[in-house]
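The values are calculated or read from the model by the stated rules, or taken from the named source; none is laboratory data. These figures come from a predicted structure and were not determined experimentally. Heads up, the Cβs are rebuilt from the backbone with ideal geometry, glycines too, and the neighbour counts pull from every protein chain shown.
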Amino acid sequence: MLGAERRFLVVIGAVAAALIPMFASPAGAGPAPNPGQQAVDARSAANDAAARYADIQSRYDALDGQIVALEQKIQAGEARATELRAIAQRRMLTDYFLLKQELAERVMARGAGEVYEVGAAA
């Protein structure tokens, strides 16, 4: 009986010895990675990331410059709008007082009892 057990253990050992390498590395795995190549790959990936960052930073700076220029244009537009509002108010007041004066002159010329349309021919 010891012979059968021994043969069984030898067969199990042989099967295990054959299966262990299959489970130790993934199927179809190539040779162990080269640490020097891994460093080169990591350096290349870092350089690519740095280049992308520099590109994004330059785009950001360009957009920042455009934003500043637009903000300055907006401020200039708001200042111009304030000037134009003041001009319009002055013109409106001038027209109002001129119209009021014209109406008063017509009323005085015709008499206070008559009603005239503003701007109508006398």
Across the stretch 1-45, the tally of residues that are at pLDDT below 70, small (Gly, Ala, Ser) and surrounded by 10 or more Cβ atoms within 10 Å (Cβ to Cβ) stands at 1
Inside the stretch 30-82, the number of residues satisfying the requirement of being within 25 Å of the chain's Cα centre (by Cα) and hydroxyl-bearing (Ser, Thr, Tyr) is 3
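Looking for something touching a Lys or Arg at 6+ places or on another chain (Cβ under 8 Å), surrounded by 10 or more Cβ atoms within 10 Å (Cβ to Cβ) and at pLDDT below 80 - is there at least one such residue anywhere in the stretch 102-121?
yes
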